[in-house]
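Asks: One structure, as structure tokens, below. Some questions next.
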Amino acid sequence: MAQVEVYADLEALSHAAADRFVKLAREAIQERGRFNVALSGGGTPQKLFNLLAQRAFAEQVQWSDVHVFWGDERAVPPSDEGSNYFQAKIALLDHVSLRPERIHRIKGELGSQRTAAEYAALLKQFGEDDLDWPRFDLALMGLGSDGHTASLFPGQGALLKSNATVIAVTVNYEDRPANRVSLTPQVFNSARNVIFLVSGASKAQALTAVTKESADVDRWPAARIQPEAGELIWMVDKAAAGK
Ligand code: 6PG
């Protein structure tokens with residue numbers, strides 16, 4: 001069963017997530033000398049990013065030992081407002097002492113197919129144990145009102161049959177760029193910690209569906225995220241939790 005924590009609102013949820021980020025970073029750096037984090041896109045984590053950029057949190061993290069990856073990206077240039085990298089850069093990365101060579105962005109400007117191939121090759125360089133990708137100390141995830149997470153969308157399960165680590169997809173969701181690149185569930189599921197941040201009443205139906213034990217994963221892709229040996233925590237606000 002997933003662990004679900006309900007907070008009053010996005011503010012409270014983001015503070016708790018920032019505390020947890022600091023704690024996980026400290027533990028990982030102490031134990032393994034580095035903290036590998038995969039960020040998500042979307043609006044929900046922006047408050048967390050802003051908090052982490054503030055001195056009170058930023059000075060608790062040894063940023064020189066942090067490696068930043070992304071769980072998904074839109075196929076746009078890094079200076080585009082629709083770029084997940086860009087959003088994280090202006091909210092967080094520009095404000096902490098992260099070494100540029102430790103920021104491993106998904107190069108959306110290359111077009112989704114080539115971007116996916118290049119990111120898979122990059123992940124391979126950080127392969128751990130017998131994996132062709134790094135075991136993330138933390139994978140941050142969001143939830144769409146349609147049940148997607150990262151860029152794993154409903155009805156696209158066939159794309160995951162290839163055993164790829166990174167896939168290219170084209171999907172219209174809200175007003176966001178349609179061509180996207182996403183890590184696949186096997187990569188997220190090897191993480192040591194996976195944290196979903198979910199806020200707002202528009203997510204309530206999806207949240208109920210994906211946290212059910214026998215969820216239809218093709219209809220509700222976020223339910224594919226079930227870490228094999230890691231922790232899965234849903235940090236949600238009251239509005240998303242609904243009843
Ligand atoms: C993306 C995301 C995506 C996001 C959800 C939730 O690139 O769009 O990584 O999976 O997390 O769509 O987005 P919101 O937080 O904006 O609701």
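The values are calculated or read from the model by the stated rules, or taken from the named source; none is laboratory data. Fair warning: this is a prediction, and the values are worked out from it, not measured in the lab. Methodologically, a virtual Cβ is constructed for each residue, glycine included, from the backbone with ideal geometry; neighbour enumeration extends over all protein chains shown.
Asks: Name, by its number, the condition in (1) away from the ligand (no atom under 11 Å from the Cβ); (2) more than 16 Å from Val4 (Cβ to Cβ); (3) modelled with pLDDT of 95 or more that does not hold for Thr208.
Replies: Result: Thr208 passes all but (2).
Asks: Now, a different point. List the residue pairs whose Cβ atoms are under 7 Å apart, where the first residue sits in segment 218-234 and is under 21 Å from Leu160 (Cα atoms), the second is of a type in the set (Gly, Ala, Ser) and assigned to a helix (DSSP H, G or I), and the two are 6 or more positions apart or on different chains.
Replies: The qualifying pairs are Asp218/Gly157; Trp220/Ala206; Trp220/Ala209.
Asks: Given (1) more than 21 Å from Val194 (Cβ to Cβ); (2) among the charged types (D, E, K, R); (3) surrounded by fewer than 17 Cβ atoms within 10 Å (Cβ to Cβ), identify the lone condition not met by Glu128.
Replies: Checking Glu128 against (1) more than 21 Å from Val194 (Cβ to Cβ); (2) among the charged types (D, E, K, R); (3) surrounded by fewer than 17 Cβ atoms within 10 Å (Cβ to Cβ), the one that fails is (1).
Asks: In segment 67-74, is there at least one residue being away from the ligand (no atom under 13 Å from the Cβ) and modelled with pLDDT of 95 or more?
Replies: Looking for residues that are away from the ligand (no atom under 13 Å from the Cβ) and modelled with pLDDT of 95 or more, one finds at least one in segment 67-74, hence yes.
Asks: Please give the helices (runs of 4 or more DSSP H) falling wholly within segment 144-243 in which 1 or more residues are touching an Asp or Glu at 6+ places or on another chain (Cβ under 8 Å).
Replies: By residue number, 204-210, 238-241.
Asks: Next up: Would you confirm whether any residue within segment 103-113 is more than 16 Å from the chain's Cα centre (by Cα), in a loop (DSSP other than H, G, I, E, B) and at pLDDT below 95?
Replies: yes
Asks: Which one of the conditions (1) surrounded by 22 or more Cβ atoms within 10 Å (Cβ to Cβ); (2) within 14 Å of the ligand (Cβ to nearest atom) does Ser145 fail to meet, given that it meets all the rest?
Replies: (1)
Asks: Considering only segment 103-118, how many residues are out of contact with any Lys or Arg (no Cβ under 9 Å at 6 or more places or on another chain) and surrounded by fewer than 20 Cβ atoms within 10 Å (Cβ to Cβ)?
Replies: Result for segment 103-118: 6.
Asks: Sticking with this structure for a sec: Among the residues of segment 55-96, write down those that are over 24 Å from Ser145 (Cβ atoms), in contact (Cβ under 8 Å) with a residue 24 or more places away in the chain and polar (S, T, N, Q).
Replies: Gln60, Gln62, Ser64
Asks: Also: When you go through Leu52, Leu48 one by one, which is the residue that is crowded, with 21+ Cβ neighbours inside 10 Å, under 18 Å from the mean Cα position of the chain (by Cα) and closer than 30 Å to Ala215 by Cα?
Replies: On inspection, the qualifying residue turns out to be Leu48.
Asks: In the list Ser182, Ser162, Ser190, which residue meets the criterion of being modelled with pLDDT under 95 and over 25 Å from Ala241 (Cα atoms)?
Replies: Ser162
Asks: Might you let me know whether segment 185-198 holds any residue that is within 13 Å of the ligand (Cβ to nearest atom), touching a residue at least 40 places away in the same chain (Cβ under 8 Å) and small (Gly, Ala, Ser)?
Replies: no
Asks: Could you figure out which of (1) at pLDDT 95 or above; (2) away from the ligand (no atom under 16 Å from the Cβ); (3) not in a helix (DSSP H, G or I) isn't true of Asp129?
Replies: Evaluating Asp129 over (1) at pLDDT 95 or above; (2) away from the ligand (no atom under 16 Å from the Cβ); (3) not in a helix (DSSP H, G or I) leaves (1) as the failure.
Asks: Suppose the filter is hydroxyl-bearing (Ser, Thr, Tyr), over 17 Å from the mean Cα position of the chain (by Cα) and at pLDDT 95 or above; does Ser145 pass it?
Replies: No, not satisfied.
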